[in-house]
Each structure stands twice: as C-alpha cells, then as structure tokens.
Amino acid sequence: MDYEKPFDIVIIGGGWAGITHAKTHLSIHPESRLLILDKNATLGGTWSKRRLYPGLKTNNTVGTIEFSDYPLNKDNGYDIEEGQHIPGTMINQYLNDYCTIHDLHKRFQFEQDVQQVVKLENAQGWEITVATPAPDSSKEKPTHTITTRKLVVATGLTSETFIPEFEGASEFGVPIVHCGHLLDWEERLSGAKNVTIFGGTKSAWDAAYQYATNGVHVDMVIRESGHGPCWMSPSRVTPFNKCIEKLVSTRALTFFSPCIWGNAGGYVGWRNFLHKTAVGRAIVQGFWTVLGNDVLTTNGYSKHPETKKLAPWIDAFWIANGLSILNYPTDFFDLVKENKITVHVADITHLSQRTIHIMSTSDSGRKATKAIETDALICSTGWKFHPPLNFVDTTGKSIDMDLGLPYHDETPEKEDTRIQAADQQVLREFPSLINQPVINSKMKPMPSKSVERTYNRGFQLYRFIVPPSCAHERTIVFQGCLQTICTVMVNQAQALWSTAYFDGKIDLDGKSEQEIKDEALLYARFSKWRAPGGYGSRYPDFAFDSIPYIDWLLKDIGINTARKDGWWQELWHPYIAPDYKGIWDEYKQKHGL
Ligand SMILES: Cc1cc2nc3c(=O)[nH]c(=O)nc-3n(C[C@H](O)[C@H](O)[C@H](O)COP(=O)(O)OP(=O)(O)OC[C@H]3O[C@@H](n4cnc5c(N)ncnc54)[C@H](O)[C@@H]3O)c2cc1C
C-alpha cells in the first residue's frame, strides 16, 4: 500500500464501530482509498482473539447483536438457537466473515499503534503517527506517518485497562492481572488454587464464575467505597418472560425513560405526559420500581446472607447500561451459597507476600480487617475512557478541549455559566432528575497516578459524534463513544450519519460554532444527570434511550424511523437488527447516489 499518498479516509480501530464505518463508507464510496489501523494483531476489538477469555458471551441474545444485512443465525452457518447468548468466539468468527463478505480484510493494517494525530491547517485533514512492532524488543518501536483527508476515531471505550495503585504491590509476588488480559495469563494461572477478584462489574462476575466452576476458590472483593455490585438480571424478566435487551428496544417502553432527544421518534404527547406532569412521573416511577423489583425478587438476593452482599446498591432508574445479564449455564448464586465464591464488601488496604489485606467499616464505625492468601489478584477495575492517543495541532499543543474530549478544567462546575445554563434546561425539562441518588456515602476514588482520573469534564460531541469546534470542517468523527446494549444498531446509524456528514448532506450551516458547542454540552450534561449510577458523567450511557438515539440520527439524514409494519408492532415489538435492513440503499435513493 502506498503510504506516501494521502488517504481519503483512515479509521483508527477495527472493532464493531470501525468495521461498521468501513462497510458503510464503501457502500457509498466504493472507490475510496480507505485504511483501517489497529494496534491489535487481529480484528474485532473487544471480540478479537486475544480478548476472548473462556466463557465470554454477549449480554445480547440472537438478533440483537448483528449487522442488519447479515443475520447471525443457523442459515448462515452459526450454530446458535433463538434466545441464546452468543459465545465470544462466534462473534469473532462472525466479524471475520462479515469482513470477507464485504472484502474489508485488505483494508486492515494490524499492529499499527496510533500514537498521535495532528490537525493540519485549513481543514486539510490529519497527519497520523503510527508505531509498529520493533524487530527486536530491546529497540524502540519504529514510527511512520500517514495523512488522510477524513479521520474516523473508533478506538472504543474498553481498549486500555485501568489498574489502581496498590500499596505493597512490589512485595506481592503473584500476578496482578486486569480481566481484559486474562487470556494472556491463562497458562500461568492454570495451577491456581485460590484467586481474588477485585470489582463488582460483569467482567468480575464472569471471571468469578469461570474460576469457581473450574475448581478454583474465588474471593470476590467488592469495594466498600465504590459503586457496589452491578445489576445482574436474569435473561428473561417480567411476568411475560421477555428478554431484557428486547425490552429496552421496545418503543412503547422507551417512553418511560426521560430522554432529551426522545421526541425525535415522535409520540411527543406521551413523553410530555409521562415526564412533564406529576401523574406521569408517578407512573414512570412505578414502572422502574416494578422492573427493579422483578430482578431483585427473581435473583432472591435476600434469601441467603452471602448472596445478599451481591444485591445492587443503586436504583435501576439511574444505572443506564450498567445492567448486565446472568448468561451462565448454571446458577451463579449456588457458587456463592456453596462458598466456592466468597464475597467481601471491603476495601483493599495493602498487599504483602501472596496476601491481600482488606478492611470494612460497619455503620457504627467499627473496622474489621482480614488477610486473604491468594495466587493472583484479578482486577475488574475498569478502563481508561480517553481515546488512547494524543490529539495535537501543528505546534504540538493538545487540542483535547477543542475536540470535545474529556479533560480537567480548573473551573468548578458550579462556577461555569454554560454548564449552569445547560443544567437548568435539563432539570426544567425533566424534574424527575433533580433528586439525584446518593450512590454511596463512603465513596472515594481508587488510588491512581493516572492523569485521566483527574478529568472532570466528559465527552462533549455534537450528536455524540462530531467535535463541535471543527464541526463545519467535516474532517473528523468519533464512533462508539457511548455505552449501549444496542451496540450494532447504534453503530450503523452513527456510521451512516457520519458518512452523510462528511459528504455535506447534513445541514449545519444554520448553526454557529457556539450553538453547536452549547448543544453538545447540553446533551453531555443530560447524560450526567440521567446516569449518575452508570458512566453518564464521562460519556453517554443509555439503555432505553438507544432507539430514540437511532431515530434522532436517521431523522437527520431523512431515513424513515418508524420501521415496523403497523402501529401495534411499532409500539410493542422490539427493534432488532433486521428492522434496519436496507438503510444504506434508502439513504442512497434519498440523496440520488
Ligand atoms: C468484556 C466485555 C463484554 C462486553 N459485552 C457486550 C455485549 O454483550 N453487548 C454489547 O453490546 N456490548 C458489549 N460490550 C461493549 C463493547 O465495547 C462493544 O460490544 C463493542 O465491542 C465496542 O466496539 P468498538 O469498535 O466501539 O470498540 P472496541 O471493540 O474496543 O474496538 C476498538 C479497537 O480500537 C483499537 N485501538 C484502540 N486504540 C488504538 C490506537 N491508539 N491505535 C490503533 N488501534 C487502536 C483497539 O485495538 C480495538 O481493536 C462488552 C465490553 C467488554 C469489555
């Protein structure tokens, strides 16, 4: 490939988002010089070979995590039944097959670690600095540069692991591993008798299940000063035995989530009634109470003193996409009752040789300490959410703030007049968000030297895609900088919207740069107020708001948003991937392409 010549478009990241963008762009511009750069050795991002830890499955069941033009089903050779959760290995195979069908493999360059992108003057595009593996590990990685007219950043929100600082780590003497790297450590940990898993997220549950069902005793330490255990729902809920991820994409049920872009899909009267009247808000509260209680009762946390420790601390209303699914072949809670998994709600104070020291504090202030002997500390402690590369101008100065990326601002939020104005608008429109929950009175950050932990401003992108300050230049988009269980349907809408935006088919001319910035800020603030129990302060985090978000994007580019066969189906049949089949052709027809 000729790297000297500028590319028409470069995509950084070859996971779902990058692949979706490549397919979409090429279906409209088949002649484009398009390149996908990925630092991994294979495609798929989260679902790439190196990341597929044993037992990894999707939270989604069949039909809700696939491309609209290529069903992941038996007809296409995937050995999976309706209603099943899809093994990670199958998702990996599916993504590879999709790239074969659309002839995308030749577009990939692997082991290309993008370290920096420079914004060129006069909207000429971007210069990308890429490091490639050194032929000899003692040598520095060689770098080269590539230029492109358009840049797509699809680096995901779970590419870079975050591990906190542990006092005494140097004396520990056994591995400290992030759950994102479990596969790399599989052999080394194969003789372990006891492992400690630190965290309460879905990855922590997955790792605990995996070890406990393979005869390894697990100590699961859930931070007393953190968010608590994540919500784990049975795959099917409500008296109607519905798949949870299909509930969140059922249009009539999306009305029950206050959503600032919710009106894009219509039904404005219903939304106004539910969120702008006292009676409506009482109904909404009832809806969330029923949903939450259904999960709590079915899981039966309170029936056993040990499973009680796994009950979530935050009301379901506030957690957005923080709802995970119990997609295990056997009952997770039995492992806890049988003491194959011992749950501790405590903080890690320090490490010593092969030992983890924890401390908990009772409500009366009494402290209890414990020492856990272990063969490994597995951290399910989250991810770095800033895209893992530097964005600079031609003088080398960071342009994070201009691009609407997370950063640290010296001005407290309360003194920032733009933030105050946005907050007032959010709360005026959605009074139910005023009484924010107290997540945890003992909350404190994990010890860390990572600069990212000091960021107090999250992503502020127009439509959660475009950096406001260069929106009129149409040279850069971010894809997948949000959290949703409708990942692929959302990626498709983002990719089509972005392609239309690059092609000048989205009219921004009526909006000044300041108006675009204010709009991006408003939606970022809404996310913060809406999902304090999730990641709303960092990036958009939504469950029931995904279909309205897709409506919003498709409406901008003139694509029909009501895609079901009749009004009843529109309201009560969940939106699934096949509903968006043909959006690419509809777009081309609409714009005479
Ligand atoms: C364990 C786990 C389970 C999950 N389960 C589900 C699920 O069931 N359903 C669901 O909808 N979502 C799930 N998610 C969310 C998941 O992030 C999405 O499914 C999806 O994979 C996101 O795709 P992406 O392309 O945006 O990002 P990623 O899949 O993270 O891909 C980003 C790519 O960018 C590359 N990259 C990053 N930085 C650079 C750089 N500097 N230079 C070059 N390349 C770079 C990475 O190597 C990676 O290949 C899960 C996430 C995790 C971690």
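Annotations
- Residue in the range 27-42 that is farthest from the ligand (Cβ to nearest atom), counting only those that are in a loop (DSSP other than H, G, I, E, B) and within 25 Å of G582 (Cα to Cα): E31
- Per-region count, the range 125-135, residues more than 18 Å from A41 (Cβ to Cβ) and either acidic (D, E) or touching a residue at least 60 places away in the same chain (Cβ under 8 Å) (or both): 4
- Which listed residue, of S512, S537, S527, is open to solvent by less than 20 Å² (accessible area, probe 1.4 Å) and assigned by TED's automatic domain parsing to the domain that holds S27: S527
- Long-range neighbours under 8 Å by Cβ, at least six apart or interchain, first residue more than 30 Å from I11 (Cα to Cα) within the range 150-170, second of a type in the set (F, W, Y) and assigned to a helix (DSSP H, G or I): F166/F172
- Screening the range 357-473 for strands (runs of 3 or more DSSP E) wholly inside it with 3 or more residues that are touching a Phe, Trp or Tyr at 6+ places or on another chain (Cβ under 9 Å) and more than 30 Å from L508 (Cβ to Cβ) returns the ranges 377-379.
- Flag set for I506, criterion: more than 16 Å from the ligand (Cβ to nearest atom), assigned to a loop (DSSP other than H, G, I, E, B), among the β-branched types (V, I, T) and out of contact with any His (no Cβ under 6 Å at 6 or more places or on another chain).
- Within the range 162-210, being aromatic (F, W, Y) and open to solvent by 50 Å² or more (accessible area, probe 1.4 Å) holds for one residue alone: W185.
- Annotation note: Cβ proximity below 6 Å between a residue of the range 50-66 that is near the ligand (Cβ under 8 Å from one of its atoms) and a residue that is among the small types (G, A, S) (sequence gap 6+ or interchain) occurs for L56/G88; N59/S324.
- Annotation note: of V295, V279, the sole residue that is more than 16 Å from the ligand (Cβ to nearest atom) and either in contact with a Cys (Cβ under 8 Å, 6 or more places away or on another chain) or in contact (Cβ under 8 Å) with a residue 12 or more places away in the chain (or both) is V295.
- Look at the range 28-48: where a residue is within 30 Å of H181 (Cβ to Cβ) and open to solvent by 10 Å² or more (accessible area, probe 1.4 Å) and a partner is in a loop (DSSP other than H, G, I, E, B) and of a type in the set (S, T, N, Q), sitting 6+ places away or on another chain with Cβ atoms under 6 Å, you get N40/S48; T42/S48; T46/T158.
- Qualifying residues in the range 109-128 (those that are over 12 Å from V10 (Cα atoms) and assigned to a strand (DSSP E or B)) - the one farthest from the ligand (Cβ to nearest atom): K119
- Condition check for Y78: more than 13 Å from the ligand (Cβ to nearest atom) and open to solvent by less than 30 Å² (accessible area, probe 1.4 Å): yes
- Residue within the range 169-189 that is among the β-branched types (V, I, T) and within 20 Å of the chain's Cα centre (by Cα) present: no
The values are calculated or read from the model by the stated rules, or taken from the named source; none is laboratory data. The structure presented is a predicted model; accordingly, all values stated were derived computationally and were not measured. Neighbour counts run over all protein chains shown; Cβ positions are idealised from the backbone, glycine included. For the accessible areas, the whole protein counts, side chains as well, though only heavy atoms, and no ligand, DNA or RNA atoms are used. Shrake-Rupley method; radii C 1.70, N 1.55, O 1.52, S 1.80 Å.
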